[in-house]
Structure formats: structure tokens, C-alpha cells
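One structure below.
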Amino acid sequence: MDEKIIYKEEAYLIIGCCMEAHKILEKGFSEIVYKDALQLEFISHNISFEREKECDINYKEQLLPHKYYADFVVGNKIILEVKSIEVLTDAHIKQTLNYLAALKCKLGLLVKLWKLLPH
């Protein structure tokens, strides 16, 4: 079954960076804070990435004026969407799938970095 996991090593490394950021921050920060931490993790692990990658959308060979912005494109082939929310929804999955289609990538990782604070 492992043979079918696309970009396995890269995905494990990205997930490891996400786990490290979550372990250190752990307190339910805003999405931008987690993205800043992930950027530092990627740099420290020499992981090639683009942050807030602009996604052009074409319709009948014409560029549409509105664009998507993927949180990270790692290694020019993996979309990483970071959410700082309590629950992921179908809308978040759809958003990630749209980024995959627009950027013609084959793997998307949708990561929730959030922890409920005790009362």
C-alpha cells in the first residue's frame, strides 16, 4: 500500500514541520502565526516553498480577474493549506481541491493547527 502514497517522504517532512509548530505554539493562535512558524520550519529544514502562491484561473483560454492564494506550495508540487479552526469542513476540502486544480498539483495537505484552550 505504501507504494501508492505520492510524495511520501516530502509529505512526512511537511507534516513533521506542522507537528513541531503545533507542539511549540499549541495555544490556538491565528492562522498567520502558524504560517509564520511553518515558514521558519521549512527554512530550517531546507524545504523549498512558496507562500501565498497566486493561482490563476482560466476560462475558455481567458484569464479570469479573480485569483486564489494557496497558503504554501512546497517543492512546486504539494499544496499545504493551514487552518486555525476547531473543525475542518467540506468547504475547506473544496478550497484545497480548487488549489490543486488551479496549480496542477497532485497532492494537497489540509492541516488544522488549533487547540481548544481549557476554561
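Brief remarks on what is shown
- Mean Cα-pair separation over length for the chain, i.e. relative contact order, pairs under 8 Å, 6 or more apart, %: 27
- Trypsin sites (Lys or Arg not before Pro) within segment 68-119: DSSP coil, no more than 11 neighbouring Cβ in 10 Å: 104, 106
- Helix 8-25 and the longest principal axis of the Cα set of the chain meet at an angle near 50°.
- Percent of Cα pairs exceeding the 20 Å cut-off, where the set is segment 8-112: 39
- In this structure, the amide hydrogen of residue 55, modeled 1.01 Å from its nitrogen in the peptide plane, lies closer than 5 angstrom to those of 68, 69, 70, counting only residues at least 5 positions away or on a different chain.
- Look at 36, 56 and count the other Cβ atoms within 10 Å of each Cβ; fewest to most, that gives 56, 36.
- This ranking places 84, 48 by how few other beta-carbon atoms lie within 10 Å of each, fewest first, which gives 48, 84.
- Residues 47, 93 in ascending order of nearby Cβ atoms (within 10 Å, fewest first): 93, 47.
- The chain: angle of helix 31-44 to the longest principal axis, Cα-based, in degrees nearest 10: 90
- Checked against a 18 Å cut-off, the cross-linked pairs 53/104; 8/94; 67/104; 4/106 give Cα-Cα distances beyond that limit for 8/94.
Read the figures in this text as sums done on the coordinates, not as results from a lab. Keep in mind that what you see is a predicted model, and the values were worked out from it rather than measured. So basically every Cβ, Gly included, is an ideal-geometry build from the backbone, and we count neighbours across all protein chains shown.
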